[in-house]
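None of the figures in this text is laboratory data; all of them are computed from the coordinates on show. All values reported here derive from a predicted model rather than from experimental measurement. Positions of Cβ are backbone-derived with ideal geometry, glycine not excepted, and every protein chain shown enters the neighbour counts.
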Amino acid sequence: MKKILITGAAGFLGSHLSDRFINEGFKVIGMDNFITGDIKNIAHLLEHPNFHFIEHDVTEFVKIDGELDYILHFASPASPIDYLKIPIQTLKVGSLGTHNLLGLAKAKQARILIASTSEVYGDPLVHPQTEDYYGNVNTIGPRGVYDEAKRFQESITMAYHRFHGLETRIVRIFNTYGPRMRLNDGRVIPAFMGQALRGEDLTVFGDGLQTRSFCYVDDQVEGIFRLLFSDYSYPVNIGNPHEITIKDFAEEIIKLTGTNQKLVYKDLPVDDPMQRQPDISLAKKLLDWEPKTHRAEGMKITFNYFKGLSKEELYKSEH
Ligand code: NAD
Ligand code: UDP
């Protein structure tokens, strides 16, 4: 039985990846310090004989007993509100945390896949974004703590690959959504859905003409799964190229949720990227992968998840 360590396992993507690898017959070690995650996301796995959970901050030395075949490094705050609130931890988990996990991978001769992001392209001047685009990031802006941590993460991963011959994979994840996102994490989908459910107006930042492209979580997990078992060490974009403006997206959510609320406009956060759309030609060619879930379908599933939350969770304020 192959053994895989998943960091950030109590988070949104980490918990779905844990489910997938358990279902594929792996022994999964989940690791998390709960800084933005929730034990609830993996509660259903805690009694599973092939799942073992370790509460640990990966910026501290990571120790795993016995053999290890694979590592998925997904620990990191991922929502702008989170990483603006905990900027130093964000820089540390992308740098020190990644260094620790690369060291562990080297010691165990394990293959490691790290979670990078479309944010390495910053506010992109090339559209759609291809993997060979170097990006347009403001190093010292408020989002720089996340973007530069992820850029460093990619660099150190390539250095371990080139210098130590480590088997490494880098996925550049574009906006992904689905059940288990935190309702109050500030990302646009939980934000709009929470507002619709509480009967509040939907807060569109800026003029709402900035674009994003949203990928349903099952498609993302499939892409990551295929990338891990490919033999390609350079970064690969995984996301859904179906692009929409935030304003049109808010209108879509109003229709989906049946709310009578309207849109209200707020200031655009500093360095908020104006456009974002993955070019997924490489993933198609290399992994024979493309997203299968239409946004209408994925959003319906996600809305049903948020509708099922308790009143207490719905009104819990974090920010
Ligand atoms: P999330 O916040 O739901 O999950 C992150 C998890 O990492 C949390 O459970 C958190 O507690 C844990 N964590 C953070 N710092 C840690 C530390 N020092 N030690 C141990 N655990 C720690 O976010 P997510 O959306 O699931 O994102 C997971 C990964 O995917 C992140 O690396 C993120 O950068 C990347 N990513 C996600 C998206 C997306 O759209 N969801 C897009 C691009 C990249
Ligand atoms: N956004 C918005 N209203 C909100 C939350 C977000 O208009 O209540 C916008 C945000 O400014 C950005 C887009 O939605 O342009 C996506 O934001 P998110 O935080 O989900 O992720 P990002 O892609 O910016 O990392």
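Subtracting the Cα-Cα distance from 0.36 nm times the residue separation, let me have the gained length for residue 47 to residue 132 in nm, one decimal. Working it through step by step, the gained length comes to 26.2 nm. Under 5 Å from the amide H of residue 122 lie the amide H atoms of 136, each residue being 5 or more positions distant or on a separate chain, with H modelled from the backbone and absent for Pro and chain starts. Excluding same-chain neighbours fewer than eight residues apart, the aspartates and glutamates reachable from residue 2 by a Cα-Cα span under 17 Å are 19, 24, 65, 67, 69, 167. Nearest 10 degrees is fine. How inclined is helix 12-23 to the longest principal axis of the chain, computing both from alpha carbons? Between helix and principal axis, roughly 50 degrees. Summed over all non-identical Cα pairs, the Kirkwood treatment of the stretch 46-182 gives a radius of 16.0 Å. The phi torsions of the stretch 243-260, fed into the Karplus equation with coefficients 6.51, -1.76 and 1.60 and a -60° offset, translate into couplings of 9, 8, 6, 5, 5, 5, 5, 4, 4, 4, 5, 4, 5, 4, 8, x, 6, 8 Hz, rounded to whole numbers, with Gly and Pro shown as x. Using Cα positions and a limit of under 16 Å, work out the lysines in reach of residue 63, with same-chain residues fewer than 8 apart set aside. Of all the lysines, those that pass the test against residue 63 - Cα under 16 Å, at least 8 places apart if same chain - are 3, 106, 108.
If you line up the long axis of helix 295-307 against the longest principal axis of the chain, both from Cα atoms, how many degrees apart are they, to the nearest 10? Rounded to the nearest ten degrees, it is 90. Separation of the stretch 199-241 from the stretch 248-272 is 19 Å, based on Cα centroids.
For residue 129, the residues whose modelled amide H falls within less than 5 Å of its own, excluding neighbours fewer than 5 places apart on the same chain, are 277, 279. Computed over the stretch 173-284, the P(r) tail beyond 24 angstrom holds 31 percent of alpha carbon pairs. Taking the C-alpha atoms only, the angle from helix 188-198 to the longest principal axis of the chain is near 50 degrees.
Rounded to the nearest 0.05, the FRET efficiency derived from the C-beta distance between residue 207 and residue 158 at R0 = 30 Å is 0.20.
Only beta bridges with both residues in the chain are counted; by DSSP, about 10 percent of them are antiparallel. Protection proxy ranking for 106-115, 136-145, using the average of other Cβ atoms within 10 Å per residue and placing the highest first: 106-115, 136-145. Taking the Cα centre of the chain as reference, the dipole from Cβ charges on Lys and Arg (+1) and Asp and Glu (-1) amounts to some 300 debye. Less than 5 angstrom separates the built amide H of residue 205 from those of 266, all sequence-distant by 5 or more or on a different chain. Within the same chain, lysines fewer than 8 places from residue 292 are excluded, and of the rest, those with a Cα less than 16 Å from its Cα are 284, 300.
Pairwise alpha-carbon distances in the chain exceed 28 Å for 36% of all pairs.
Rounded to whole numbers, the Karplus 3J(HN,Hα) couplings from phi for the stretch 66-77 are x, 7, 8, 9, 9, 10, 10, 9, 10, 5, 3, x Hz, using 6.51 cos²θ - 1.76 cosθ + 1.60 with θ = phi - 60°, and x at Gly and Pro.
Is the stretch 35-80 best put as rounded, prolate or oblate by its Cα gyration tensor, with a ≥ b ≥ c the root eigenvalues, rounded for a/c under 1.5, and otherwise prolate when a/b is larger than b/c, oblate when not? Because a/c hits 1.5 or more and a/b fails to exceed b/c, the stretch 35-80 counts as oblate.
What FRET efficiency comes out for residue 310 versus residue 96 if R0 is 35 angstrom and r is the Cβ-Cβ distance? Round to the nearest 0.05. So the FRET efficiency works out to roughly 0.45. Short-range pairs are left out: with C-alpha atoms under 8 Å and at least six residues apart, the relative contact order of the chain is 17 percent.
Report note on the peptides 305-314, 182-191: ranked by the mean count of other C-beta atoms within 10 Å, highest first, their order is 182-191, 305-314. Highest mean first, the peptides 93-104, 153-164, 254-265 sorted by other C-beta atoms within 10 Å per residue fall in the order 93-104, 153-164, 254-265.
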